[in-house]
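Colleague: Below is one structure. I have some questions about it.
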Amino acid sequence: MGRFGLKTWQRRLRESCNLRLLPAILLSVSVLIGALIVVAVPLFFPSAGPSGEGGAVDSAARIEIELLLGKLDDQTEVISQLRDQIDSIESRIIAMEVGASGPVADGGLQVVGPSGAGSLDDEYAQVVLVADRRNLNTGLTVPSSSWLVQTFGLPAENLGNDKCYEMTNPRLAALVHAEQVGPVRLKMLKPALESLAVIFDKIQKADPELYGRINTSGSLCVRLVRGSASSVSSHSFGLSLDLNINGVLDTLGDGRTQLGLTILADFFNGDGWVWGAAYGREDSMHFEVAKETIEKWIAEGKI
């Protein structure tokens, strides 16, 4: 996405799926096929030798054919991958620009809410479905409640799920800060706030229109998971927060999210945060420091 916002991002997506790439690759495949024919003809139709007998099979030609076949397979795979990428990109463009109410091609976004008058405000807030959401946080691990408790201990004693309790864990409490970070004010652990400052700075430079529409639905809240008698909420450790677009809350567990959140997720994943849209019960407002990032901070002495 470009620094000029969603419109530029859409334009670059369109340019990236320019179908002029395919003829170039098809031409290279044709060249390989032609070379294969040139090499194969003498092999299968050998010229007669001086005695009138057919010539011996050329081992070098056979090896060259095998190499050309391998290259042909590689080019075929490249074409298949490009087609998949183009289908996905075109689906995203259709979802953002047309505002279709029905499903689009596999791997893309499906708009399920009104697109409004076409303003940036409407486009960022429109509701979409994200395909293959269970694989969104590739290479990152969601820290489980048990792992967090094992690593840091309970954030407070006698926890319930009826309110936010005071953090009494000395290791974590010493790192809790409340401050303005980018467009929102948050209360979290210091390393998480520092990481967020970097992420928000990147978002502001890449997409200032989206940056101005980021809002928060909460960060630190020491409690049990609602409905649970023992599982501690990830918000209890000061390592997660909830974000939304224009102050509009996302519906938990419906498999849908705001388009703006899907863009934010790329920035968060890139800096070692997981996105809650991939959870068993979709929670796309939720962004949380990945287990690998926490372990890195511990090794660096930040926590």
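The values are calculated or read from the model by the stated rules, or taken from the named source; none is laboratory data. What you see is a predicted model, and the numbers here were worked out from it, not measured in a lab. Quick reminder, even Gly has a Cβ in these numbers, built from the backbone with ideal geometry, and neighbours come from all protein chains shown.
Colleague: Assess whether G160 counts as being touching a Lys or Arg at 6+ places or on another chain (Cβ under 7 Å) and not basic (K, R).
Modeller: yes
Colleague: When you scan the range 214-235, do you find a residue that is within 20 Å of the chain's Cα centre (by Cα) and more than 16 Å from E288 (Cβ to Cβ), even just one?
Modeller: Yes, the range 214-235 has at least one match.
Colleague: Scan the range 256-281 residue by residue and report those that are farther than 18 Å from S219 by Cα and buried (at least 23 other Cβ atoms within 10 Å of the Cβ).
Modeller: Scanning the range 256-281 gives T257, Q258, L259, G260.
Colleague: Okay, moving on. Within the range 236-255, can you find the residues that are surrounded by fewer than 19 Cβ atoms within 10 Å (Cβ to Cβ) and in contact with a helix residue (DSSP H, G or I) (Cβ under 8 Å, 6 or more places away or on another chain)?
Modeller: N246, V248, G255
Colleague: Please pick out the residue among A156, A178, A192 that is surrounded by 13 or more Cβ atoms within 10 Å (Cβ to Cβ) and within 30 Å of L210 (Cα to Cα).
Modeller: From the options A156, A178, A192, the qualifying one is A192.
Colleague: Mind checking which residues of the range 274-303 are under 11 Å from the mean Cα position of the chain (by Cα) and among the aromatic types (F, W, Y)?
Modeller: W275
Colleague: Taking into account only those residues within the range 284-303 that are in a helix (DSSP H, G or I) and without any contact (Cβ under 8 Å) to a residue 60 or more places away in the chain, which is farthest from V130 (Cα to Cα)?
Modeller: Filtering first and then ranking leaves A299.
Colleague: Turning to a different aspect of this structure: Specify which of the listed residues (S233, S217) is in contact (Cβ under 8 Å) with a residue 60 or more places away in the chain, surrounded by fewer than 19 Cβ atoms within 10 Å (Cβ to Cβ) and hydroxyl-bearing (S, T, Y).
Modeller: Answer to the check: S217.
Colleague: Further question: Quick one: which helices (runs of 4 or more DSSP H) lie wholly within the range 166-283 and hold at least 1 residues that are basic (K, R) and in the same structural domain as T141 (by TED's automatic domain parsing)?
Modeller: Qualifying helices (runs of 4 or more DSSP H): 170-173, 190-206.
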